[in-house]
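Trainee: Dropping the structure in here first, questions after.
FYI, it's all coordinate maths here, none of it is from the lab. Bear in mind the structure is a predicted one, so any value in this text is a computation, not a measurement. Glycine also receives a Cβ, built like all others from the backbone with ideal geometry; neighbour counts cover every protein chain displayed.
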Amino acid sequence: LFAGLRATPNDPIFGLTDRFNKDTDPNKVNLGVGMYQDAHGAVPLLKTVLKVENGLDAQGLPRPYPPMDGLADYNREAQKLVFGADSPAIAAGRIVTAQSLGGTGALTVAADVYSAASPNHAALVSSPTWANHIAILQRAGYTVGTYRYYDAQRHGVDVDGLLADLSAAEAGTVIVLHECCHNPTGYDLTREQWDAVAQLARDRRLTLFIDMAYQGFSEGLDEDAETIRRLVADGLTFVVGSSFSKNFSLYGERIGAVHFVCADADEAERVRSRVKTAARENYSTPPLHGARIVTTILSDEQLRAQWVEEVTAMRERIKSMRRALVDGLNAAGVHDMEFINTQAGMFSYCGLSKEQMELLRTEHHVYGTDAGRLCVAALNPGNVDYVATAIAAVRSA
Ligand code: PLP
Ligand code: TYF
């Protein structure tokens with residue numbers, strides 16, 4: 001039956017972890033996969049999450065099927081976190097929110113609904129982007145192209161290229177944008193640049209998908225959602241994918257949400273039926289556990305405040321590690337990598353070539369992606385100087 005089946009290549013990012021696990025060097029550092037780690041190099045279990053889990057355990061709750069679009073209380077809380085508790089669009093009933101299997105599942109469901117809504121099956125993603133954006137859209141029948149984004153020379157965003165490429169897109173083209181903490185580069189759009197994108201989206205009737213996998217990891221939970229809230233206030237209709245993998249450190253629970261900002265409540269009702277169908281045909285109903293944890297925390301004032309503190313601590317620690325890396329590089333004689341402090345989120349495009357990234361692995365046991373992406377959220381006081389020295393050595397090799 002499977003004799004003629006050819007194997008597909010390993011996911012390059014998870015493949016790095018496999019290589020890292022086989023490395024026996026005691027100094028090895030995994031800056032490959034995007035997972036936040038604490039000062040001791042562990043993926044944390046947040047204190048608020050543990051507290052709630054213990055409570056849920058003690059209650060011994062049954063596990064019925066949730067609705068296909070997820071728990072209603074969860075959806076309400078997830079929606080408020082993205083759009084703001086006082087959002088007029090929420091009050092008007094024109095935002096459809098459904099629990100999703102992480103940010104990945106949000107995109108999967110969005111792609112199904114988009115493809116039913118418009119005959120234009122073209123999509124554009126940033127060059128570069130998270131590889132799953134391309135894979136998921138292609139799987140849903142989209143022809144996926146790229147818009148210019150990363151400007152290696154200027155260590156930032158090629159805004160002119162981006163706007164030119166969006167201007168050339170046909171009406172109805174799906175445009176995937178990263179709300180904040182761009183994966184993989186770490187470079188985000190400024191407020192003015194977002195305004196220009198929004199103007200184009202309106203003028204050319206582009207279909208925006210805004211991926212927010214890192215809410216709270218750039219400037220703050222509200223600050224990081226500001227663009228989305230402004231687009232809603234401006235009257236745009238679009239879709240948001242949001243994830244609790246990072247800001248609740250619930251990677252393995254597969255918990256996120258997809259939000260459809262519709263023109264009115266009537267349109268929202270029709271969209272909701274499509275969303276439920278997409279869920280039913282993909283996985284029937286989403287899982288309960290992560291949704292219960294997140295709902296309990298977000299709907300309790302004290303727990304929520306404690307969680308916000310934990311998100312703040314993660315964000316601040318990442319920023320301090322960026323500074324420590326730049327300091328370490330300076331101490332090692334590398335003075336042109338200050339740009340690391342201008343990037344946001346878990347990732348840094350460090351500008352090293354594929355060959356240099358391989359040298360970093362083979363000679364120094366430091367693992368980042370071929371494209372030069374380092375997960376700075378996996379740095380800690382015990383490895384940051386080692387990594388800085390290794391980068392300096394590779395640069396002068
Ligand atoms: N979108 C982007 C831009 C990401 O970097 C990630 C990475 O984890 C995701 C979506 C997927 O998030 P999740 O693990 O919640 O599915
Ligand atoms: O970019 C990352 O490292 C994270 C995690 O197929 C990830 O977004 C990596 C690869 C993948 C799914 C998630």
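Trainee: Whole angstrom only: what separates the Cα centroid of the range 1-69 from the Cα centroid of the range 81-138?
Mentor: About 23 Å separates the Cα centre of the range 1-69 from the one of the range 81-138.
Trainee: Go ahead and estimate [θ] at 222 nm for the chain from helices alone: -39,500 (n - 2.57) per DSSP H run with n ≥ 4, summed, over the residue count, rounded to 500. Show your work: numbers first, answer last.
Mentor: On the way: 15 runs with 181 residues, N = 397.
Helices in the chain give a 222 nm mean residue ellipticity of -14000 deg cm²/dmol.
Trainee: Separate question: What whole-number volume per residue, in cubic angstrom, does the convex hull of the C-alpha atoms of the chain give? Spell out each step's value before the answer.
Mentor: On the way: hull volume 64.5 nm³, N = 397.
So the per-residue Cα hull volume is 163 Å³.
Trainee: Normalised by the number of residues in the chain, what is the relative contact order in percent for Cα pairs under 8 Å and 6+ residues apart?
Mentor: Numbers: 697 pairs, mean separation 100.6, N = 397.
It rounds to 25 percent for the chain.
Trainee: Using Cα-only point scatterers and the Debye equation, what is log10 of I(q)/I(0) for the range 23-163 at each q in 0.11, 0.15, 0.16, 0.20 Å⁻¹, rounded to two decimals?
Mentor: Once normalised to I(0) and log-transformed, intensities are -0.74, -1.20, -1.25, -1.28.
Trainee: Are there trypsin sites (Lys or Arg not before Pro) in the range 161-230 that DSSP puts in a loop and that have at most 15 other Cβ atoms within 10 Å, and which ones?
Mentor: On the way: sites: Arg191, Arg202, Arg204, Arg205, Arg229, Arg230; in loops: Arg204, Arg205.
Listed in order of number, the matching sites are Arg205.
Trainee: Checking the cross-link filter: which lysines have an alpha carbon closer than 21 Å to that of Lys28, excluding same-chain neighbours under 8 positions apart?
Mentor: Within the straight-line cut-off, Lys28 pairs with Lys354.
Trainee: Apply the a/c threshold of 1.5 to the C-alpha gyration tensor of the range 289-348 and tell me whether it is rounded, prolate or oblate. All intermediate terms of the calculation are to be shown ahead of the outcome.
Mentor: Details: a/c = 4.68, a/b = 3.44, b/c = 1.36.
It is prolate, given that a/c is not under 1.5 and a/b is the larger ratio.
Trainee: Please state the shape class of the range 320-397: rounded when a/c is under 1.5, otherwise prolate if a/b exceeds b/c and oblate if not, all from the C-alpha gyration tensor.
Mentor: rounded
Trainee: So which of Lys47/Lys276; Lys80/Lys319; Lys22/Lys51; Lys246/Lys276; Lys51/Lys276 end up more than 29 Å apart by C-alpha?
Mentor: Numbers: Lys47/Lys276 33 Å; Lys80/Lys319 27 Å; Lys22/Lys51 35 Å; Lys246/Lys276 25 Å; Lys51/Lys276 32 Å.
Pairs exceeding 29 Å: Lys47/Lys276; Lys22/Lys51; Lys51/Lys276.
Trainee: Loop-only check: which chymotrypsin sites (Phe, Trp or Tyr not before Pro) in the range 1-77 are DSSP coil with at most 14 other Cβ within 10 angstrom?
Mentor: Phe2
Trainee: Quick check: Cα centre of the range 210-226 to Cα centre of the range 241-257, how many Å?
Mentor: If we compute the Cα centre of each part, the gap is 13 Å.
Trainee: Sort out the exposed loop GluC sites (Glu not before Pro) in the chain (DSSP loop, at most 16 other Cβ within 10 Å) and tell me the longest stretch that has none.
Mentor: Details: sites that count: Glu170, Glu219.
No qualifying site falls inside 220-397, the longest such stretch.
Trainee: In what order do Ile340, Ile391 fall by count of nearby beta-carbon atoms within 10 Å, going from fewest to most?
Mentor: On the way: Ile340 20, Ile391 25.
Ranking Ile340, Ile391 by Cβ neighbours within 10 Å, fewest first, gives Ile340, Ile391.
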